[in-house]
Amino acid sequence: MKRKSPFRVVVTGGAGYIGSHVVKLLVREGHEVLVIDNLSTTSGENLKYGRLAIVDLSEEEKVFNLLKDFKPQVVIHFAAFIVVPESVEKPLKYYYNNVGNTLRLLSAMKRAGIENLIFSSSAAVYGIPERVPVTEEDPLKPISPYGESKAMVEKILRDMDLAGEIKYISLRYFNVAGADPEGELGPTYHQPSHLIIRALKAAKGELPFLEIYGTDYPTPDGTCIRDYIHVTDLAKAHLLAMEYLVREGESQVLNCGYGRGYSVKEVIETVRKITGVNFEVREGKRRPGDPPVLIASNKKIKEILGFKPEFEDLEIIIKHTWEFEKRR
Ligand code: UFG
């Protein structure tokens, strides 16, 4: 469906896993897209739509010139480091990129007179929630530098909003998984750290076994519980957020999840079922920075954006990822 009045949209990190799914939907709907990406964590194989500028966000002048010339109505900001345990080991790397380079982007946006931002935040801002499903009003107590970096940017955005410098929607992603249902795009990390993709690599024989990071958590089977959301549903949420922001002009913070959780062991069983491979699993120690249970309340995003999930099923999420992974 072509929009009557398409937007010009800058997507930072648009060559990455989630960004590329969003770019595909934007282009499909007739929007004009400029991707800004340094291709540091992906080869660019997912970039099949939109124009690409290979620029690092630390290069503020270059970013400013791109924004000044392209004049987007909205910037969607994905570019960030995302691996929780790595952030525990290398905090400066995370603060420098996720906070420092976001500041440079915000500064370039302000100078270029662009005031609408969709920000990729994370459930990691909640740390170990006091209750689940966790709502947007619950306290932010991140337990990793990654989560802290996202909470810091949210704070900066709140202050800029109060000062009339920006309008934004911060989307707090829970566990993003799955792949483009049409099979074109999927997770393409150089070094995948996420559970589903590592389990699939074990099923493919690319990993000798899958390690479970901790079996002594206070959950029914002792392994961590997560709210896995299909990347295409998440991508659609970005388009809804963009239209809401431009139309209503009101800043919002919204959880992105389905409101239900699966344990690591349940995910492994489902991967074995979908792939038909009984790959080896070893029980290991806890990994730093992992909360036991993270499940989203998605009441607010449903109410405000009219978000309607289409792929709310762990088997479909794993099936789509497997179909993509098998061809790689
Ligand atoms: N896990 C394993 N073995 C693996 C990989 C993961 O047991 O080989 C476990 C993890 O310990 C965790 C669960 O599987 O309990 C999910 O781990 P992922 O790495 O797939 O995802 P995370 O929960 O660490 O990360 C996600 C998002 C982050 C977000 C974080 C909040 O990717 O952006 O949730 O904790 F910040």
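The values are calculated or read from the model by the stated rules, or taken from the named source; none is laboratory data. All values derive from a computational prediction rather than experimental measurement. Positions of Cβ are backbone-derived with ideal geometry, glycine not excepted, and every protein chain shown enters the neighbour counts. Note: areas computed on protein heavy atoms with side chains; ligands, DNA, RNA excluded. Shrake-Rupley method; radii C 1.70, N 1.55, O 1.52, S 1.80 Å.
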Exercise. Roughly what % of DSSP beta bridges within the range 1-115 run antiparallel, to the nearest 5?
Worked result: 0 percent
For this session: Measure off, as a whole percent, the carbon and sulfur share of the 1.4 Å-probe accessible area of the range 76-125, all protein chains present.
Result: 59 percent
Exercise. Could you give me the ³J(HN,Hα) list for the range 64-76, computed from phi with Karplus coefficients 6.51, -1.76, 1.60 and θ = phi - 60°, whole Hz, x at Gly and Pro?
Worked result: 4, 5, 4, 5, 4, 6, 7, 6, x, 7, 9, 10, 10
Problem set entry | Degrees separating the helix 195-204 axis from the principal Cα axis of the chain, which is the longest one | 60 degrees
For this session: Send over a whole-number figure in Å² for the accessible area per residue of the range 118-240, probe 1.4 Å.
Result: 36 Å²
Exercise. To the nearest 10 square angstrom, what accessible area does VAL35 show with a 1.4 Å probe?
Worked result: 0 Å²
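Could you give the Stokes-Einstein D for the range 182-328 in µm² per second, using the C-alpha Kirkwood radius, 4 °C, 1.567 mPa s?
The diffusion coefficient I find is 78 µm²/s.
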Seminar exercise, completed: The helix 17-28 Cα axis meets the longest alpha-carbon principal axis of the chain at an angle in degrees, between 0 and 90 and rounded to 10, of 50 degrees
Problem set entry | Whole-Hz couplings from phi, Karplus 6.51/-1.76/1.60, listed for the range 293-298; x for Gly and Pro | 9, 9, 9, 8, 7, 10
Exercise. What is the distance, in nm, between label points placed 7 Å from the Cα along the Cα-to-Cβ direction at ARG51 and at ILE316?
Worked result: 3.6 nm
Problem set entry | Under 5 Å, built H, 5+ apart or other chain: amide partners of ILE169 | LEU117, ILE118, PHE119, GLN252
For this session: Sum -39500 (n - 2.57) across every DSSP H segment of at least 4 residues in the chain, then divide by the residue count to get the 222 nm mean residue ellipticity, nearest 500.
Result: -11500 deg cm²/dmol
Exercise. For ARG28 and LYS285, what is the calculated FRET efficiency with R₀ set at 35 Å and r taken between the beta-carbons, to the nearest 0.05?
Worked result: 0.20
For this session: Would you pull out the residues with amide H under 5 Å of VAL134's amide H, same chain only if 5 or more places away, H placed 1.01 Å from N?
Result: ILE295, ALA296, SER297
Exercise. Going from most exposed to least, what order do LYS265, LYS319, LYS308 have by accessible area with a 1.4 Å probe?
Worked result: LYS308, LYS319, LYS265
Exercise. Quick one: ranking ARG247, ARG287 by accessible area, 1.4 Å probe, largest first, what do you get?
Worked result: ARG247, ARG287
For this session: Please give the helix 264-275 orientation as an angle from the longest Cα principal axis of the chain, in degrees from 0 to 90, rounded to the nearest 10.
Result: 90 degrees
For this session: Quote the FRET efficiency, to the nearest 0.05, computed for LYS308 versus ARG260 with a Förster distance R0 of 22 Å and r equal to the Cβ-Cβ distance.
Result: 0.90
For this session: Just the number, please: percent antiparallel of the DSSP beta bridges in the range 158-313, rounded to the nearest 5.
Result: 10 percent
Seminar exercise, completed: Other residues with Cβ under 10 Å from the Cβ of PRO129 give, with Lys and Arg +1 and Asp and Glu -1, a net charge of 0
Exercise. For the range 239-316, what % of the accessible area comes from carbon and sulfur atoms, probe 1.4 Å?
Worked result: 46 percent
Problem set entry | Antiparallel DSSP beta bridges within the chain, percent to nearest 5 | 5 percent
For this session: Apply the Karplus parameterisation 6.51 cos²θ - 1.76 cosθ + 1.60, with θ equal to phi minus 60°, to every residue of the range 81-98 and state each ³J(HN,Hα) to the nearest whole Hz, in sequence, with x for glycine and proline.
Result: 7, 10, 8, 4, x, 5, 5, 5, 7, 10, x, 4, 4, 6, 5, 4, 7, 6
Problem set entry | For the chain, average projected area of the Cα convex hull in nm² | 15.3 nm²
Exercise. Dividing the convex hull volume of the Cα atoms of the range 171-248 by its residue count, what figure in Å³ per residue is obtained?
Worked result: 139 Å³
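Percent relative contact order of the chain, based on C-alpha pairs within less than 8 angstrom and at least six residues apart? Walk me through the numbers before you get to the answer.
Numbers: 683 pairs, mean separation 62.8, N = 328.
About 19 percent, as a whole number.
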For this session: Quick one: which residues, 5 or more positions from SER122 or on another chain, have an amide H under 5 Å from its amide H? H modelled 1.01 Å from N in the peptide plane, none for Pro or chain starts.
Result: TYR173
